[in-house]
Amino acid sequence: MGIDGLRSEADREERTSIARVLARETTGCVRDMAVAGRHATGLSRLSVPYWMFRRFLGAAGRPLDGDELVPMEFATPRRTARVLVRKNQSDLLILWQMFVRRFYELSATYALDKEIETLDTIVDLGGNTGLAASYLTARYRPRTLLTVEPVPENAAVLRRNAALSPLDWIVEETAAAGAAGTLEFTISGYWAACTGVPEVTAFRRARPYRLENRLARPGIRVPAVSVDDLLERNGIAHVDLLKVDIEGAEADIFGRPQPWMDRVERVVLEVHDRYIDGHTVRATLRTAGFTAVPPRNPALFRLNPVELYIRDRH
């Protein structure tokens, strides 16, 4: 595949030349290495820039697909976070999102009227290996954090990262869904892209160049639980932040307004419009009483496609 692996779906649709893609991604890699060095602490200031470079090389050539854990340490605007990261493209992508780009640094990313200092209760749907939960714990100092991850290989690392956290996370090894049941999950060594949504799987399988196909694994069946049941069985009456990154399953959870949504103050989520009907997701949030908060810099939305919604209490 070579450097063609650097091209995004948008690049392919827009027929962006490989020269432009290579120039953009090389510049981005240099920037990311510099930012990673600033955000890391201790010896990680030396190692993390290297791993950002290895992520770039993996995307441009042979993708990393290891499961050996590397310890890293990062500063946030509040506390330091210690994490374990596998040597693969998936974990390095999420590391870049959480600790280099700081996707969930809400006050800096979105045009909020008031800075968010702390969040008492956080629910993380799509926990993966716990890197998002690690950032959210260090940054917002919650008293309660529930993280939900259905893929056993991810959940095993998530529990290792939970052990490094000063907070005792609640870990649920299940999929979040619109209703309880069982889901067929498509699995690959690009662990961040595992999904139980058939439309997502079909879209990706039709594009053999994607990492999900190059690193394919046998599918699995996983239990699924509704958000209402997750909150009830863990005694969560109020959610200050609901984080959602579940590879298209947001269409099921936000298909229509639900009573549990009244308990939630903020929703930060990635809507996978390429695969599902994102308009319905956003309409449900509006009907449920949430208002979208615009990004401070709309030009950066390509780098951080996460959206923030806040409950309108007026």
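What follows draws every value from the coordinates through simple rules; no lab data is involved. Since the structure is predicted, the reported quantities are computational estimates derived from the model, not experimental observations. We place every Cβ from the backbone using ideal geometry, glycine too, and count neighbours over all the protein chains shown.
Taking helices (runs of 4 or more DSSP H) as the structural unit, those lying wholly within region 163-252 and holding at least 2 residues that are closer than 30 Å to Asp4 by Cβ correspond to 198-205, 211-214.
Give me the pairs: first residue in region 204-233 and closer than 25 Å to Arg274 by Cα, second residue acidic (Asp, Glu) and buried (at least 16 other Cβ atoms within 10 Å of the Cβ), beta-carbon distance under 7 Å, and six or more apart or on different chains, which are they? Matching pairs, first to second residue: Arg204/Glu212; Leu215/Asp65. Among the residues of region 25-81, those that are in a helix (DSSP H, G or I), within 26 Å of Tyr140 (Cα to Cα) and β-branched (Val, Ile, Thr) comprise Val35, Val48. Considering the conditions (1) within 30 Å of Ala237 (Cβ to Cβ); (2) crowded, with 19+ Cβ neighbours inside 10 Å, Ser107 is excluded by exactly one of them, (2).
Of all residues being within 30 Å of Thr76 (Cβ to Cβ) and without any contact (Cβ under 8 Å) to a residue 12 or more places away in the chain in region 11-27, which is surrounded by the fewest Cβ atoms within 10 Å (Cβ to Cβ)? Just the residue, please. Steps first, please.
At the first step, the residues of region 11-27 found to be within 30 Å of Thr76 (Cβ to Cβ) are 24-27.
Filter once more, so that each one left must be without any contact (Cβ under 8 Å) to a residue 12 or more places away in the chain: 24, 27.
On the way: Arg24: 14, Thr27: 10.
So the residue we want is Thr27.
Going by what's in this entry, would Val239 be described as under 22 Å from Tyr104 (Cα atoms), surrounded by 18 or more Cβ atoms within 10 Å (Cβ to Cβ), in contact (Cβ under 8 Å) with a residue 40 or more places away in the chain and not aromatic (Phe, Trp, Tyr)? In short, yes. When the residues of region 141-156 are filtered to those that are touching an Asp or Glu at 6+ places or on another chain (Cβ under 8 Å) and among the hydrophobic types (A, V, I, L, M, F, W, C), which remaining residue is nearest to Asp120 (Cα to Cα)? Applying the filter and picking the extreme gives Leu145.
In summary, Ser90 fulfils each of the numbered conditions (1) buried (at least 19 other Cβ atoms within 10 Å of the Cβ); (2) over 30 Å from Ile18 (Cα atoms); (3) among the hydroxyl-bearing types (Ser, Thr, Tyr) with the single exception of condition (2).
Residue-by-condition table, conditions (1) out of contact with any Ser or Thr (no Cβ under 6 Å at 6 or more places or on another chain); (2) of a type in the set (Val, Ile, Thr):
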| site | (1), (2) |
| --- | --- |
| Leu106 | yes, no |
| Arg139 | no, no |
| Asn154 | no, no |
| Ala162 | yes, no |
| Ile170 | yes, yes |
| Thr174 | yes, yes |
| Thr201 | no, yes |
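Kindly evaluate Arg101 against the criterion of being within 29 Å of Leu6 (Cβ to Cβ) and surrounded by fewer than 20 Cβ atoms within 10 Å (Cβ to Cβ). Spelling it out, Arg101 is indeed within 29 Å of Leu6 (Cβ to Cβ) and surrounded by fewer than 20 Cβ atoms within 10 Å (Cβ to Cβ).
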